[in-house]
Amino acid sequence: MATVVELPRLSDTMEEGVIARWRIKVGDKVKRGQVIAEIETDKATMEFESFDSGTVLKLIATEGEALPIGAPIAVFGAAGEDPDAGAKPAAAPTPAAASAPAASTPAATPASNGEGKPVSGAEVPAASGPGAQVAEDMSKKPARDDGRVPASPLARRLAREHDLELGAISGSGPHGRVVKADVDQAIAAGGAAATRAAPKPAAAAVAAAAAVPAFVAERPAGKASQVPGVPGIEADADGRPYVSRPTKTNKLTQMRKTIVKRMGQSKREAPHIYLSTAIRMDRAMAVRAELNLAVDGTKISVNDLIVLACARALRKHPKVNSNYTEQGILEYGDIHVGVAVALDDGLVVPVIRFADQKSISAISRESRDLGQRAKGKELRPEEMAGSTFTISNLGMLGVESFMAVVNPGESAILAVGATNDEPVVDNGVVVVRKVMRVTLCSDHRAFDGADSARFLQTLKNLLENPMALFG
Amino acid sequence: MAILQIRQAIRDAMKEEMLRDERVFLMGEEVGHYNGAYKASEGLLEQFGPKRVIDTPIVETGFAGVGIGAAMCGLRPIIEFMTFNFSAVAFDQILNNAAKIRHMTNGQFSVPIVFRGPNAAAHMLGSTHSQAFEPYYAHIPGLKVIAVATPYDAKGLLKSAIRDENPVIFLESELMYSVKGEVPDEEYTIPIGKADIKREGKHVTLVTWGQGVPISLKTAELAEKEGIEVEVIDLRTLRPMDTETVIASVKKTNRAVVLFHDWPYGGVGCEVIARIQELAFDHLDAPVLRECYEDVPFPYADNLEQLVLPSPEKGLAAVKKVLYRG
């Protein structure tokens, strides 16, 4: 009896996942515990260790395909067994799973963007090619992640001889292999979609350049990464057309989808209130410098001090360490401080657990390690789960102060600005002090402005009298 | 033109060569008084006498060796194995003497000898008597290997084999001795190393030999009903192989299936495929497939034996697969 392997839940908040890479192929013998795939969740790319043993009969999910938890991704069984015998019943009740693979068959793939992806099926009518009936079979989808277009040697030669781009021809053979019939059809269709000729925008640019003053064509194209522009319809006062570049769609990553969902949910549901205060950081900075000098190998950051101070303040103001639910307000017994880490294409929030019970050097070590691994997307989901309070620090980017969005599951987030030298009035005298502005952004359903204010007062006190942190 | 069975074509070839050249003689188990286990030497003892048609004891390694020695001394023996399964007993003689002596004596001795007899599976002969031996012999430099499927080819090629200066393995088929076909009345020979296009077609090249030939022709008939034109190439000589004919056909059809009576692992089928991919790679539109025995010792039971054998239906499935139609 074949076993259907389903997409596992790999993190608390994961609702769908993408097979980033298969580590197995059809025919492989898999042992329980063997890594069979890398799965991109909302938070990280994780290795998926098989719960089952057997011979891989079929890979249902293709690399790059987003699937809901529980969707069938592969079928294991005894060698030679019919994979569909066991696969069908499991796959049927999941409409999302059934529709997702269909959406990525070559026929439904959007037109070529010049990256070796198949062109729209409209140019190569699937119904008339040999093996057309199998074009819908998902086991025949092109596996082109390595950039190589599967094609028979003959198809390859014919495409070369007719100056056709192989990658732009939809393959009807097994695994999307481009075969002679496909190339013949592309040739019959005039090869319009697949010719190696210059792409249309560039051709248009050449045509337009002939009609406009020469300097337009000579205008530097900008960075290499920029799409070549074309002279637009609008022109400046001297009649010189502005260069127009096409809008492009950046696919939503799993992480971006999670951010969209959670931040939207928070802003829709949680009435936010924002309270700001200015904290004098001179003594905290001095203590930090002293600690780093005194203890070998220590490299405590301002943020580490803030984490510790917040954790201590939360212990004193448990209302802030909470979460509103319809059943009541959960007041968390443990203090787990999340620290937002910006990535190129999103952000993650690794968690320093039991932060109130850790020493400053432990927090510092942990924070640095988590931060580094977050940049490499190497964090395990459990390292990004369970925070009860979050700190978002944009001070290093020169931000003076800002407002953040509360993480669902928590009631407050501290938005931290830069520590700058500022003139302040001290005992009637204007002096220069190091000042940091923080904003406590909180869910008004869980507690009120005065609670927020009292928390900030404690936090301010702890940071302005940092020895208290070590008491 | 006479209609002959393959066994008669083989007898006629031997008879004509024995008449033509007095150095030619036949030796083997029951070739004389019994007229051959499959009656391929009918009447020869009567015509040529016991000096030239010699019944041997059941000792293949002995009479194979005697034959090789006779060939070295200037005679032109034809050694009949009752089945090539028994040639396994004589394998050392063939491998190390027949195939090597010309090379190792720098041409001082040649071994103009023919080893002939039925090869491959027949019907319910069990694991040890159903084997195809062409992979073993075609593997050996110094031997020529022929497999025949029609009376015309059998006669023309056996005459060439007898006249050849080198040891030739001549593979027949127990199931095909009674296959009939036209044979010219006049003298003719067929050159060793030339394939024959048994049926022309433009969609798929089906390469075959020996017992695979009738199956391939039936495959082509089945395919024709589905509008597929299969070109059937009978290699006839397995070593040296007529690569040119195969490659020319593959360049025309862009796809090939090799159908044969033998196990899949290694062997002549693989050699054909290796040459196709090497010489016609850019002309291939699909992987080259094999249709042959299942990779198991032969079962005795009739029903199981049928499962192991290649069939026109299996051949058609392979043909459709390389056409991406199935």
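Look through B:Leu217, B:Leu158, B:Leu175 and report the one residue that is assigned to a helix (DSSP H, G or I) and either surrounded by fewer than 19 Cβ atoms within 10 Å (Cβ to Cβ) or touching a Cys at 6+ places or on another chain (Cβ under 8 Å) (or both). Spell out how you get there, then give the answer.
Numbers: B:Leu217 fails: either surrounded by fewer than 19 Cβ atoms within 10 Å (Cβ to Cβ) or touching a Cys at 6+ places or on another chain (Cβ under 8 Å) (or both); B:Leu158 fails: either surrounded by fewer than 19 Cβ atoms within 10 Å (Cβ to Cβ) or touching a Cys at 6+ places or on another chain (Cβ under 8 Å) (or both).
When all the criteria are applied, what remains is B:Leu175.
Among the candidates A:Gly428, A:Gly398, A:Gly417, A:Gly449, which residue alone is of a type outside the set (A, V, I, L, M, F, W, C), at pLDDT below 95 and under 27 Å from A:Met263 (Cα atoms)?
Values: A:Gly428 fails: under 27 Å from A:Met263 (Cα atoms); A:Gly417 fails: at pLDDT below 95; A:Gly449 fails: at pLDDT below 95.
Result: A:Gly398 is the single residue among A:Gly428, A:Gly398, A:Gly417, A:Gly449 that is of a type outside the set (A, V, I, L, M, F, W, C), at pLDDT below 95 and under 27 Å from A:Met263 (Cα atoms).
Are any of the residues in the range A:271-280 polar (S, T, N, Q) and more than 25 Å from A:Arg454 (Cα to Cα)?
Pass one, the range A:271-280, residues polar (S, T, N, Q): A:276-277.
Next, from what is left, pick out any that are more than 25 Å from A:Arg454 (Cα to Cα): none.
No, there is no match, as no residue in the range A:271-280 is polar (S, T, N, Q) and more than 25 Å from A:Arg454 (Cα to Cα).
Mind counting the residues in the range B:225-249 that are within 14 Å of chain A (Cβ to nearest Cβ) and surrounded by fewer than 16 Cβ atoms within 10 Å (Cβ to Cβ)?
Final tally of qualifying residues: 2.
Condition first: touching a residue at least 60 places away in the same chain (Cβ under 8 Å) and either of a type in the set (S, T, N, Q) or buried (at least 22 other Cβ atoms within 10 Å of the Cβ) (or both). Can you find one or more residues in the range A:417-425 that meet it?
Among the residues of the range A:417-425, at least one is touching a residue at least 60 places away in the same chain (Cβ under 8 Å) and either of a type in the set (S, T, N, Q) or buried (at least 22 other Cβ atoms within 10 Å of the Cβ) (or both), which makes the answer yes.
Residue by residue, here is whether (1) more than 29 Å from B:Val272 (Cβ to Cβ); (2) in contact (Cβ under 8 Å) with a residue 24 or more places away in the chain; (3) assigned to a helix (DSSP H, G or I); (4) in contact with a strand residue (DSSP E or B) (Cβ under 7 Å, 6 or more places away or on another chain) holds:
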{"position": "B:Glu30", "(1), (2), (3), (4)": "yes, yes, no, yes"}
{"position": "B:His33", "(1), (2), (3), (4)": "yes, no, no, yes"}
{"position": "B:Ser41", "(1), (2), (3), (4)": "yes, yes, no, yes"}
{"position": "B:Lys51", "(1), (2), (3), (4)": "yes, yes, no, no"}
{"position": "B:Ile58", "(1), (2), (3), (4)": "yes, yes, no, no"}
{"position": "B:Pro77", "(1), (2), (3), (4)": "yes, yes, no, yes"}
{"position": "B:Phe86", "(1), (2), (3), (4)": "no, yes, yes, no"}
{"position": "B:Pro112", "(1), (2), (3), (4)": "no, yes, no, yes"}
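Which ones in the range A:157-192 are within 13 Å of chain B (Cβ to nearest Cβ), under 39 Å from the mean Cα position of the chain (by Cα) and farther than 26 Å from A:Val26 by Cα?
Scanning the range A:157-192 gives A:Ala159, A:Arg160, A:Val183.
Determine which member of the set A:Leu275, A:Leu314, A:Leu305, A:Leu291 is part of a strand (DSSP E or B) and either in contact with an Asp or Glu (Cβ under 7 Å, 6 or more places away or on another chain) or surrounded by 15 or more Cβ atoms within 10 Å (Cβ to Cβ) (or both).
Only one candidate qualifies: A:Leu275.
Note down all Cβ pairs under 9 Å where the first residue falls in the range B:307-326 and is within 14 Å of another protein chain (Cβ to nearest Cβ), the second is basic (Lys, Arg) and assigned to a helix (DSSP H, G or I), and they're at least six residues apart or on different chains.
B:Gly326/B:Lys320
Restricting to the range A:245-263, name every residue that is over 8 Å from the mean Cα position of the chain (by Cα), free of Cβ contacts under 8 Å to residues at least 12 places away in the same chain and under 20 Å from A:Pro68 (Cα atoms).
Passing the criteria: A:Lys251, A:Val260, A:Lys261.
Mind checking which strands (runs of 3 or more DSSP E) fall wholly inside the range A:334-428 and carry at least 3 residues that are more than 23 Å from A:Arg312 (Cα to Cα)?
Values: elements: A:337-339, A:341-343, A:346-348, A:389-393, A:412-426.
Those strands (runs of 3 or more DSSP E) span A:346-348, A:412-426.
Taking the range B:250-272, which residues are crowded, with 18+ Cβ neighbours inside 10 Å and within 14 Å of chain A (Cβ to nearest Cβ)?
Within the range B:250-272, the first condition is being crowded, with 18+ Cβ neighbours inside 10 Å, and the residues that meet it are B:250, B:253-263, B:267-269, B:271-272.
Across the range B:250-272, the qualifying residues are B:Val250, B:Thr253, B:Asn254, B:Arg255, B:Ala256.
Output the number of the condition that B:Tyr300 fails; it satisfies all remaining conditions of (1) touching a residue at least 60 places away in the same chain (Cβ under 8 Å); (2) assigned to a helix (DSSP H, G or I); (3) loosely packed, with under 15 Cβ neighbours inside 10 Å.
With (1) touching a residue at least 60 places away in the same chain (Cβ under 8 Å); (2) assigned to a helix (DSSP H, G or I); (3) loosely packed, with under 15 Cβ neighbours inside 10 Å applied to B:Tyr300, the lone miss is (2).
The values are calculated or read from the model by the stated rules, or taken from the named source; none is laboratory data. What you are looking at is a predicted structure, and each value in this text was computed from that prediction instead of being measured. FYI the Cβ positions are ideal-geometry reconstructions off the backbone, even for glycines, and counts take in every protein chain you see.
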